[in-house]
Amino acid sequence: MGHLTPRERILTALNHGLGDRLTWAPYFRTWWEAHQNAGEVPPELQGASTYLEAFQPLGLDILDKGTPAVQAVYRNVTVLDEDLGGAVKTRYVTPVGEVFAIQAVTSAYDHTAYKISYEFKSIEDLPVIKYLYEHMEFEPNFADYLVLQRDLGTQLIQAA
């Protein structure tokens, strides 16, 4: 078997095939951003300005989860975001009531936020939650993926 691209290597492994070497696809973006923010990037990677530049000399097979291909869109629902300074409160206002959730961004890496308060807090929230799911649609959101695909060429695999 000849030399495979990272994309071919991952697809071969996912299809239970035998690749040209072991597939190595750590979630490098998280590591990179955490170390960039902390000023702890190893000297051999300090010339890279993005995680896409930094992974290449390491021989990683990129399996990227950072670019969703679809986005949720609500019909007849108003979605309001409020900056709480380090967290974001998202309110979902519907004709049957409203609920909210709060997400806090980690200090280590900016692209990850964790829910610290969920929409469903009591049985009284059930009609609003039901309304949200009944009025949710999914639309394609390919722009970010296409930019990443362009930057990486045949190397990127988009994780579901």
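Figures for the structure shown
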read-out	value
Whichever residue in the stretch 147-160 is hydrophobic (A, V, I, L, M, F, W, C) and surrounded by 11 or more Cβ atoms within 10 Å (Cβ to Cβ) and, among such residues, is modelled with the lowest pLDDT	ALA159
Residues satisfying the stated conditions in the stretch 131-146, i.e. under 19 Å from the mean Cα position of the chain (by Cα) and outside any strand (DSSP E or B)	ASN141, PHE142, ALA143, ASP144, TYR145, LEU146
Test: residue in the stretch 74-92 that is free of Cβ contacts under 8 Å to residues at least 60 places away in the same chain, surrounded by 11 or more Cβ atoms within 10 Å (Cβ to Cβ), of a type in the set (Phe, Trp, Tyr) and closer than 23 Å to THR5 by Cα	no
Qualifying residues in the stretch 3-40 (those that are of a type in the set (A, V, I, L, M, F, W, C) and in a loop (DSSP other than H, G, I, E, B)) - the one surrounded by the most Cβ atoms within 10 Å (Cβ to Cβ)	LEU4
Pick from the stretch 122-141, criterion of a type in the set (Phe, Trp, Tyr) and under 17 Å from ALA101 (Cα atoms), ranking: surrounded by the most Cβ atoms within 10 Å (Cβ to Cβ)	TYR131
Residue, nearest to ARG29 (Cα to Cα), within the stretch 41-86, restricted to residues that are polar (S, T, N, Q) and outside any helix (DSSP H, G or I)	THR50
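The values are calculated or read from the model by the stated rules, or taken from the named source; none is laboratory data. Note that the structure is a prediction, hence the values are computed from the model and not measured. Cβ: placed from backbone, ideal geometry, glycine included. Neighbour counts: every protein chain shown.
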